[in-house]
1. Select from segment 414-456 the residues that are of a type in the set (Asp, Glu) and touching a residue at least 60 places away in the same chain (Cβ under 8 Å) and write down the one among them that is nearest to Gly162 (Cα to Cα).
2. Name the single residue that is nearest to Asn72 (Cα to Cα) among those in segment 107-142 being of a type in the set (Gly, Ala, Ser) and not in a helix (DSSP H, G or I).
3. Of all the residues that make up segment 135-154, how many are crowded, with 24+ Cβ neighbours inside 10 Å, under 24 Å from Pro189 (Cβ atoms) and touching a helix residue (DSSP H, G or I) at 6+ places or on another chain (Cβ under 7 Å)?
4. Taking segment 298-343 as the region of interest, how many residues are free of Cβ contacts under 8 Å to residues at least 12 places away in the same chain, assigned to a loop (DSSP other than H, G, I, E, B) and of a type in the set (Asp, Glu)?
5. Could you tell me whether any residue of segment 291-309 is charged (D, E, K, R) and within 16 Å of the ligand (Cβ to nearest atom)?
6. Condition check: assigned by the TED database to the domain that holds Arg301 and surrounded by fewer than 20 Cβ atoms within 10 Å (Cβ to Cβ). Does Gly365 satisfy that?
7. Does Gly191 satisfy being part of a loop (DSSP other than H, G, I, E, B), in contact with a Ser or Thr (Cβ under 6 Å, 6 or more places away or on another chain) and within 11 Å of the ligand (Cβ to nearest atom)?
8. Residue by residue through segment 348-373, note down the ones that are outside any strand (DSSP E or B), over 17 Å from Val281 (Cα atoms) and touching a Pro at 6+ places or on another chain (Cβ under 9 Å).
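The values are calculated or read from the model by the stated rules, or taken from the named source; none is laboratory data. Please read all numbers here as calculations on a predicted model, not as lab measurements. Note that each Cβ is placed from the backbone with ideal geometry, even for glycine, and that neighbours are counted across all protein chains shown.
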Amino acid sequence: MTQYLMTIDGRDVSPADLFDVINPATEQPFAQAPQCNRAQLDEAMESASRAFLAWGTSELDTRRNALQAIANALTSAQYTLAELVTKEQGKPLGAAAFEVAETARWFSYFAKLPLPEETLQDDAAGHGVVVRRPLGVVAAITPWNFPLLLLGMKLAPALLAGNTIVLKPSPYTPVSTLVAGRIIAEHLPPGVLNVVSGGDELGAWMTSHPAVRKISFTGSVATGKAVAGAAAPDLKRMTLELGGNDAAIVLDDADPARVAAGIFWGAFTNNGQICAGIKRVFVPDSLHDAVVDALAQRARRVRVGDGMEDGMQIGPINNKPQFERVKGLVSDALAEGAIAAAGGKPIDRPGYFFEPTILHNVREGMRIVDEEQFGPALPVMRYGDLDEAIARANATPYGLSGSVWSSNEDRAADVAAKLDCGSAYVNTHLVVQPHLPFGGWKWSGIGIENGPWGLDAFCSLQVRYRPR
Ligand code: NAD
């Protein structure tokens with residue numbers, strides 16, 4: 001089994017201990033990743049602190065060139081990285097290759113984004129400008145669903161602003177990050193990017209480490225709350241991108257077959273393991289059966305299998321606890337009267353495979369509706385009155401995104417404007433782009449990633465003022 005190394009201060013660092021990385025399509029370990037200990041984390045933090053002295057005041061063009069070089073290097077390594085993503089995450093190889101390409105695109109986008117110095121006042125009284133200064137050492141912590149794309153969304157703006165980084169991937173998907181991190185670090189001075197791996201306790205050590213000035217975290221709500229608690233005593237800055245329970249509302253003028261295609265992939269892309277995927281569908285009584293049928297037909301047709309095999313559209317669930325969780329949510333719903341129009345149980349083969357599942361006869365109060373399922377099971381609910389559907393869509397502690405599906409875009413846009421969430425879509429879902437601000441309302445997060453707003457999240461604003 002290949003053993004992967006950490007990157008600290010520009011060097012490959014061997015661990016004292018290793019842990020197995022499981023391929024979710026086979027349930028077999030295929031690689032080993034380092035278990036970073038406290039001394040090694042301290043070394044990474046010291047290295048990042050030292051590197052900040054020069055990187056934080058480097059020429060902007062130096063940083064822009066580094067970001068573009070990183071984008072090019074990731075593109076060159078696209079298929080090597082994609083294979084690692086598929087083996088540890090489970091998604092089909094084509095989707096993994098797309099993830100690598102998107103990660104590179106994020107670096108290219110930020111390579112060109114202005115880091116403006118703005119004149120705010122220039123009159124008889126005085127001259128004032130605002131400049132953006134980096135924060136210092138960033139602790140970047142990522143989950144297992146999009147290991148590379150999510151690191152790109154953090155690293156690219158953090159580096160452009162002049163911060164240095166200690167990055168930790170999920171223990172379920174460390175390998176692609178360790179390899180991509182090595183590639184990225186080659187285009188940066190030693191210590192600007194350090195990559196460590198280990199279990200959840202390593203994340204907790206990072207968020208309470210005195211060297212860290214900013215935590216950029218993507219993961220679950222429960223962990224996000226622990227991170228916020230750890231940040232508080234030292235008033236570390238933080239961006240939290242957390243879970244979602246996105247609603248899709250179908251209007252009574254929609255064409256069921258057309259909307260089913262968009263809703264299906266809005267929910268089942270990445271096997272439903274997407275923070276901003278559709279997790280609840282509201283359908284008017286008049287269209288209920290037709291929409292459920294159209295979704296169920298798609299769920300039955302979709303090709304589920306090992307992501308390394310040609311032609312697969314959906315892979316396994318990433319890990320055993322998540323597999324057990326999805327299984328439990330679906331079986332609880334069925335026990336409480338839900339009907340599976342498609343799927344409803346694990347697929348009888350090795351690997352964490354679960355049938356793409358469409359549930360109806362579901363209601364609020366069932367866990368599959370109230371909680372974030374983060375897997376291949378979609379509840380479809382009836383509504384009578386549109387205002388009632390909007391109220392139910394908003395009646396959740398989450399607020400990541402939502403969508404409205406209709407033959408009349410203007411009518412749908414009016415409804416979408418009433419959704420309480422960070423992104424509101426018409427006839428689409430899951431539009432995450434480098435230039436569009438992405439962030440959650442309520443428990444779905446604090447702060448914004450992407451675009452100039454995401455860059456500002458890695459800066460302190462400094463006003464420079466002198467009287468005339
Ligand atoms: P998780 O919260 O269990 O873990 C995320 C990361 O945090 C991992 O690297 C983990 O090791 C680390 N961690 C665990 N405990 C920690 C602690 N006490 N302190 C610091 N770090 C700690 O989440 P997960 O199961 O890996 O990912 C799934 C969740 O992520 C879902 O809820 C999903 O909605 C969310 N997510 C959100 C976004 C977004 O942008 N909003 C994107 C992707 C995933």
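1. Per the stated criteria, the residue is Asp456.
2. Taking the candidates together, the pick is Ala140.
3. Count: 10.
4. Looking only at that region, the number is 2.
5. No, segment 291-309 contains no residue that is charged (D, E, K, R) and within 16 Å of the ligand (Cβ to nearest atom).
6. yes
7. no
8. Gly351, Tyr352, Phe353, Glu355
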